[in-house]
1. Determine whether the stretch 64-77 contains at least one residue that is open to solvent by less than 50 Å² (accessible area, probe 1.4 Å) and among the charged types (D, E, K, R).
2. Determine whether V76 is in contact with a Lys or Arg (Cβ under 8 Å, 6 or more places away or on another chain) and of a type in the set (V, I, T).
3. Got a sec? Which helices (runs of 4 or more DSSP H) wholly within the stretch 5-111 have at least 1 residues that are at pLDDT below 95?
4. What are the pairs, 6+ residues apart or on separate chains, where a residue within the stretch 61-77 that is more than 18 Å from Q14 (Cα to Cα) has its Cβ under 6 Å from a residue that is of a type outside the set (S, T, Y) and open to solvent by 40 Å² or more (accessible area, probe 1.4 Å)?
5. Can you pull out the residues in the stretch 20-33 that are of a type in the set (A, V, I, L, M) and open to solvent by 50 Å² or more (accessible area, probe 1.4 Å)?
6. Residues L56, L98: which one is out of contact with any His (no Cβ under 9 Å at 6 or more places or on another chain), open to solvent by 80 Å² or more (accessible area, probe 1.4 Å) and of a type in the set (A, V, I, L, M)?
7. What about S44, is it free of Cβ contacts under 8 Å to residues at least 12 places away in the same chain, surrounded by 12 or more Cβ atoms within 10 Å (Cβ to Cβ) and hydroxyl-bearing (S, T, Y)?
8. Somewhere in the stretch 82-94, is a residue in contact with a Lys or Arg (Cβ under 6 Å, 6 or more places away or on another chain) and either within 20 Å of K16 (Cα to Cα) or open to solvent by 90 Å² or more (accessible area, probe 1.4 Å) (or both)?
Amino acid sequence: MSDTLTRLAEVLEQRKHAAPDSSYVASLHHMGLNKILEKLGEESVETIIAAKDAALSQDYSDVIYETADLWFHSLVMLSALGQHPQAVLDELERRFGLSGHDEKAARAPSV
């Protein structure tokens with residue numbers, strides 16, 4: 001699974017500095033982080049709606065499609081911030097065997 005993420009991260013990194021008219025990813029990077037975050041928000045809402053619809057219809061094709069879009073735009077965001085998806089995988093690995101309640105309690109309180 002991480003092979004796909006690694007390959008995708010490499011492509012995203014290559015397109016980060018490409019001409020905006022050369023690819024969708026290049027155009028997003030050219031428009032800046034705020035546009036990338038806007039797209040990420042849109043994809044989040046579309047994924048939520050697709051999940052609600054799937055729960056009723058038992059047809060999961062749209063929720064899979066929208067989740068792929070959400071993950072993709074999350075990877076574009078990470079790329080814009082200079083982060084590799086491996087950092088997220090490492091964090092998920094760190095949480096294995098750790099209760100969600102314990103993990104939340106261990107976080108520093110927000111100010």
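1. Checked against the condition, which is being open to solvent by less than 50 Å² (accessible area, probe 1.4 Å) and among the charged types (D, E, K, R), the stretch 64-77 yields at least one hit.
2. yes
3. Here the list reads 85-95, 100-106.
4. If the second residue must be of a type outside the set (S, T, Y) and open to solvent by 40 Å² or more (accessible area, probe 1.4 Å), the pairs left are V63/A51; E66/E46.
5. Of everything in the stretch 20-33, those that are of a type in the set (A, V, I, L, M) and open to solvent by 50 Å² or more (accessible area, probe 1.4 Å) turn out to be M31, L33.
6. L56
7. Considered against the rule, which asks whether it is free of Cβ contacts under 8 Å to residues at least 12 places away in the same chain, surrounded by 12 or more Cβ atoms within 10 Å (Cβ to Cβ) and hydroxyl-bearing (S, T, Y), S44 comes out as no.
8. no
The values are calculated or read from the model by the stated rules, or taken from the named source; none is laboratory data. This one's a predicted model, so the numbers in the text were calculated from it and none came from an experiment. Using ideal geometry, Cβ is built from the backbone for each residue, glycine included, and neighbour counts are taken over all protein chains shown. Areas reflect the complete protein model, heavy atoms only, side chains present, ligands, DNA and RNA absent. Shrake-Rupley method; radii C 1.70, N 1.55, O 1.52, S 1.80 Å.
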